[in-house]
Amino acid sequence: MTTGSKPLEKLNDPVFGEMEYRHSWHRDQSIVWWGRGKRDVTITAHAYNGKGITDQQRAAYAEYQKNIEQIIRQSVSIISDMLRSAFDVNYGNDEIFNKLVPRSVLFQENGDWGILFDAEVDVEHGIALYKRNGNWQAGLQDDFL
């Protein structure tokens, strides 16, 4: 809460846990990404005008919790292919690990979800690894958002 502004709205969701609302429901979480130690990311459940978290978002978050280690292992080739075709860069695994930094995991209201990365190849837009309509894809963050 900041001085002179209204307090942040909070909820304790049965799946997401305690979340605060500022443009969307969010909280911080530490994850281990690509075996490189813990990274702090923001878990965000997108919501308009303070609406609640949807059942689709809860199902997507449960999938994230259950499968994130497998997704992390499989994501290297998906991201590598996208970087090669979009930016004509051919990073090895270590380079990808060093040049992409996970910052946020976003759960859209319809249940699509993705991981947003800061990326050296596109500092302005960043890279996203996301699941849309049941399929994993990688692209610019704007492609997912």
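The values are calculated or read from the model by the stated rules, or taken from the named source; none is laboratory data. Values in this document were obtained by computation on a predicted structure and should not be read as measured data. All Cβ positions, even for glycine, are placed from backbone atoms using ideal geometry, and neighbour counts span all protein chains on display.
Residue pairs whose Cβ atoms lie under 6 Å apart, separated by 6 or more positions or on different chains, with the first residue in the range 37-52 and without any contact (Cβ under 8 Å) to a residue 60 or more places away in the chain and the second small (G, A, S) and surrounded by fewer than 14 Cβ atoms within 10 Å (Cβ to Cβ), are K38/S30; D40/S30.
When the range 116-139 is filtered for residues that are of a type in the set (V, I, T) and either touching a Pro at 6+ places or on another chain (Cβ under 9 Å) or closer than 23 Å to N67 by Cβ (or both), only I127 remains.
In this structure, Q108 does not qualify as touching a Phe, Trp or Tyr at 6+ places or on another chain (Cβ under 7 Å), among the polar types (S, T, N, Q) and surrounded by 12 or more Cβ atoms within 10 Å (Cβ to Cβ).
For A59, the conditions (1) aliphatic (A, V, I, L, M); (2) more than 28 Å from D13 (Cβ to Cβ); (3) touching a residue at least 40 places away in the same chain (Cβ under 8 Å) all hold with the exception of (2). For the range 80-101, filtered to residues that are of a type in the set (F, W, Y) and over 21 Å from the mean Cα position of the chain (by Cα), the residue that is surrounded by the fewest Cβ atoms within 10 Å (Cβ to Cβ) is F87.
Restricting Q56, Q65, Q108 to those that are under 16 Å from L145 (Cβ atoms) and at pLDDT 90 or above reduces the list to Q108. Taken together, the residues in the range 85-99 that are touching a helix residue (DSSP H, G or I) at 6+ places or on another chain (Cβ under 7 Å) and within 19 Å of V41 (Cβ to Cβ) amount to 2. Checked against (1) free of Cβ contacts under 8 Å to residues at least 60 places away in the same chain; (2) closer than 24 Å to Y64 by Cβ; (3) assigned to a loop (DSSP other than H, G, I, E, B), V89 passes all but a single condition, namely (2). Only residues that are farther than 30 Å from N98 by Cβ and either exposed (fewer than 12 other Cβ atoms within 10 Å of the Cβ) or under 14 Å from the mean Cα position of the chain (by Cα) (or both) were counted in the range 17-50, giving 6. Pairing residues of the range 4-20 that are under 16 Å from F107 (Cα atoms) with residues that are small (G, A, S) and at pLDDT 95 or above, at Cβ distances under 9 Å and at least 6 apart in sequence or on separate chains, gives D13/A45; V15/A59; V15/A62; F16/A45; M19/A45. On the basis of being surrounded by fewer than 11 Cβ atoms within 10 Å (Cβ to Cβ), on the phi < 0 side of the Ramachandran plot and of a type in the set (D, E), does D13 make the cut? No, not satisfied.
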